[in-house]
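Chemist: One structure coming up, written as structure tokens, with questions to follow.
The values are calculated or read from the model by the stated rules, or taken from the named source; none is laboratory data. These figures come from a predicted structure and were not determined experimentally. Note that each Cβ is placed from the backbone with ideal geometry, even for glycine, and that neighbours are counted across all protein chains shown.
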Amino acid sequence: MIDTHCHVDFKDFNKNREEVMDRAKKKLNSVINSGATLGGNRRTLKLVKEYKGFLYGTLGFHPESASKADSSIIEQSFKEINENIHKAVALGETGLDFFHIEETEKRNRQIKVFKSFIDLANEYEMPLVIHARDAELKSFEIVKKYSKDIDVIFHCYGGNLETMNKIIEESYYISFSTIICYSKHHKELVENIPLQNVLTETDSPYLSPFKGHKNEPAFVEETVKKIAEIKSISPAKVDKITEKNAKKIFSI
Ligand SMILES: [Zn+2]
């Protein structure tokens, strides 16, 4: 099993990061930590070094932060991403999140940063990890228009079926998180997607499948089990296909 998207670098894990990683090592093949800010990318690179061969990193800048951050912080992030690009297995997370963001100017800042990441992914022929919320179709249209022959992953996709079908048609991927353990909408999405387009993740520390327990990479097992249940096949089969997808995309 592979957790293709989590944030072990977050301070939520400062007190028990080692235990969390030990539990992950016992159950999983690999973990992919997603850098979401300037500091997040730096911490991700540290973890990549510390857990070499087990934890891999993606370098990005979250759209919500893109709306708020000083342009100098964004510039510095791109500078450091360029310098460390060979240490990353993908770019992102990036994308569009219009959920709390109403102002056009702030939305446009997200679009600008998103496009810069697409350019970078094209340049280095790297996979792109997209965070899209309340802007799934728009994110899809932008990435379809500007990306060139790269693997595209919609992480924790929660949009409608129609846009999901467009994503599938382009042979992009959707990474399902532990949210499928309790979200009816996500179950419906899982029902309607071929496993060839599926990856598994936790998005930990968010979206815990267990009430009162913080999410962590080892719990990606719950995602695998739930997909198996929804599709009435064995967890082993889900694991085999989704792990193969992840290994191919991220070259791990
Ligand atoms: Zn994330």
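Chemist: Could you grab me the full set of residues in segment 113-151 that are aromatic (Phe, Trp, Tyr), closer than 20 Å to Phe98 by Cβ and away from the ligand (no atom under 16 Å from the Cβ)? Can you show your working first?
Modeler: Taking segment 113-151 as the starting set, the residues that turn out to be aromatic (Phe, Trp, Tyr) are 114, 117, 124, 140, 146.
Now narrow it down to the ones that are closer than 20 Å to Phe98 by Cβ: 114, 117, 140, 146.
Residues satisfying the conditions are Phe140, Tyr146.
Chemist: Restricting attention to segment 69-97, which residues are outside any loop (DSSP other than H, G, I, E, B) and either within 16 Å of the ligand (Cβ to nearest atom) or within 18 Å of the chain's Cα centre (by Cα) (or both)? Talk me through it step by step, then tell me what you get.
Modeler: Step one: list which residues in segment 69-97 are outside any loop (DSSP other than H, G, I, E, B), which gives 71-83, 85-87, 90-97.
Scanning segment 69-97 gives Ser77, Ile81, Ile85, Lys87, Ala90, Leu91, Gly92, Glu93, Thr94, Gly95, Leu96, Asp97.
Chemist: How about segment 114-151: which of its residues are in a helix (DSSP H, G or I) and either at pLDDT below 95 or farther than 18 Å from Ala88 by Cα (or both)?
Modeler: Initially, segment 114-151 is screened for residues in a helix (DSSP H, G or I), giving 114-124, 136-146.
Residues satisfying the conditions are Lys115, Glu136, Leu137, Lys138, Ser139, Phe140, Glu141, Ile142, Val143, Lys144, Lys145, Tyr146.
Chemist: Considering only segment 77-86, I want to know if a residue exists there that is more than 21 Å from Asp239 (Cα to Cα) and either β-branched (Val, Ile, Thr) or touching a Gly at 6+ places or on another chain (Cβ under 8 Å) (or both). Quick ask: steps written out before the conclusion?
Modeler: Taking segment 77-86 as the starting set, the residues that turn out to be more than 21 Å from Asp239 (Cα to Cα) are 77-86.
The next check asks that each one be either β-branched (Val, Ile, Thr) or touching a Gly at 6+ places or on another chain (Cβ under 8 Å) (or both); those that pass are 81, 85.
Yes, that holds for at least one residue.
Chemist: Now a separate question. Looking only at segment 209-231, count every residue that is surrounded by 21 or more Cβ atoms within 10 Å (Cβ to Cβ) and modelled with pLDDT under 95 and tell me the total.
Modeler: Summing the residues that are surrounded by 21 or more Cβ atoms within 10 Å (Cβ to Cβ) and modelled with pLDDT under 95 in segment 209-231 gives 0.
Chemist: Does His185 count as surrounded by fewer than 18 Cβ atoms within 10 Å (Cβ to Cβ) and at pLDDT 95 or above?
Modeler: Values: surrounded by fewer than 18 Cβ atoms within 10 Å (Cβ to Cβ): yes; at pLDDT 95 or above: yes.
So His185 passes the test.
Chemist: Residue by residue through segment 18-71, note down the ones that are within 24 Å of Glu105 (Cβ to Cβ) and either touching a Cys at 6+ places or on another chain (Cβ under 6 Å) or charged (D, E, K, R) (or both).
Modeler: Glu64, Lys68, Asp70
Chemist: If you don't mind, another one. If the requirement is being within 16 Å of the ligand (Cβ to nearest atom), in contact (Cβ under 8 Å) with a residue 60 or more places away in the chain and under 21 Å from Glu216 (Cβ atoms), which of these qualifies: Thr37, Thr58?
Modeler: Numbers: Thr37 fails: in contact (Cβ under 8 Å) with a residue 60 or more places away in the chain.
Of Thr37, Thr58, the one residue that is within 16 Å of the ligand (Cβ to nearest atom), in contact (Cβ under 8 Å) with a residue 60 or more places away in the chain and under 21 Å from Glu216 (Cβ atoms) is Thr58.
Chemist: Here is a list: Glu201, Glu162. Which entry is in contact with a His (Cβ under 6 Å, 6 or more places away or on another chain) and either of a type in the set (Asp, Glu) or over 24 Å from His7 (Cβ atoms) (or both)?
Modeler: On the way: Glu162 fails: in contact with a His (Cβ under 6 Å, 6 or more places away or on another chain).
When all the criteria are applied, what remains is Glu201.
Chemist: Evaluate the following for Phe154: is it of a type outside the set (D, E, K, R) and more than 16 Å from the ligand (Cβ to nearest atom)? I'd like the intermediate steps shown before the answer.
Modeler: Numbers: of a type outside the set (D, E, K, R): yes; more than 16 Å from the ligand (Cβ to nearest atom): no.
No.
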